[in-house]
Amino acid sequence: DTFNSLPVLEHHAETSANAHPRELTVGATMDNARFESPYLKVGMVIFDGSTIQRIQSGAQRELSCGYAYDADMTPGTYEGKPYDGRMTNIRGNHVALVDRGRAGPD
């Protein structure tokens, strides 16, 4: 739910109500965030015309979430693969349009 109603930015920049990068804000996420394994999905609206053109042309298509989290450095396994720690209590800050998203092109 913390990814509902977030700013969509032209690139990563931490944002808050007291320090909002208006010049980077090109849209917003909607209020339908949900996790459908393995993806976090949320609708979004883009307001900026040149950003819409870059998306439509394929020049700027990937997304990357900006967030805060609590680190739990307890080792374990997930789907048979070992890990050293995990992120818990993830709190969305923004979604950025980027050339190469953290999770890849899909």
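The values are calculated or read from the model by the stated rules, or taken from the named source; none is laboratory data. This one's a predicted model, so the numbers in the text were calculated from it and none came from an experiment. Reconstructed Cβ throughout: ideal geometry from the backbone, glycine too, with neighbour counts over all protein chains shown. Protein only, heavy atoms only, side chains kept; ligands, DNA and RNA dropped before computing areas. Shrake-Rupley method; radii C 1.70, N 1.55, O 1.52, S 1.80 Å.
Among the residues of region 84-104, those identified as open to solvent by 70 Å² or more (accessible area, probe 1.4 Å), without any contact (Cβ under 8 Å) to a residue 24 or more places away in the chain and out of contact with any Pro (no Cβ under 6 Å at 6 or more places or on another chain) are ARG86, MET87, ASN89. Taking first residues from region 37-64 that are open to solvent by less than 60 Å² (accessible area, probe 1.4 Å) and partners that are in a helix (DSSP H, G or I) and among the aliphatic types (A, V, I, L, M), the Cβ contacts under 7 Å between residues at least 6 apart in sequence or on separate chains come to ILE46/ILE52; ILE46/ILE55. Screening GLU10 with (1) among the charged types (D, E, K, R); (2) in contact with a strand residue (DSSP E or B) (Cβ under 7 Å, 6 or more places away or on another chain); (3) more than 18 Å from ARG102 (Cα to Cα) gives one miss only, at (3).
Of the residues making up region 7-31, those that are open to solvent by 20 Å² or more (accessible area, probe 1.4 Å), in a loop (DSSP other than H, G, I, E, B) and in contact with a Ser or Thr (Cβ under 8 Å, 6 or more places away or on another chain) are GLU10, HIS12, MET30, ASP31.
From the set of residues in region 35-88 that are among the β-branched types (Val, Ile, Thr) and in contact with a Lys or Arg (Cβ under 9 Å, 6 or more places away or on another chain), which is farthest from LEU9 (Cα to Cα)? If you could, list the steps in order and put the result at the bottom.
Keep residues of region 35-88 that are among the β-branched types (Val, Ile, Thr), which gives 42, 45-46, 51-52, 55, 74, 77, 88.
When the remaining residues are screened for being in contact with a Lys or Arg (Cβ under 9 Å, 6 or more places away or on another chain), the result is 42, 55, 74.
On the way: VAL42: 15, ILE55: 13, THR74: 33 Å.
Selected residue: THR74.
A count restricted to region 74-106 and to residues that are of a type in the set (Lys, Arg) and not in a strand (DSSP E or B) stands at 2.
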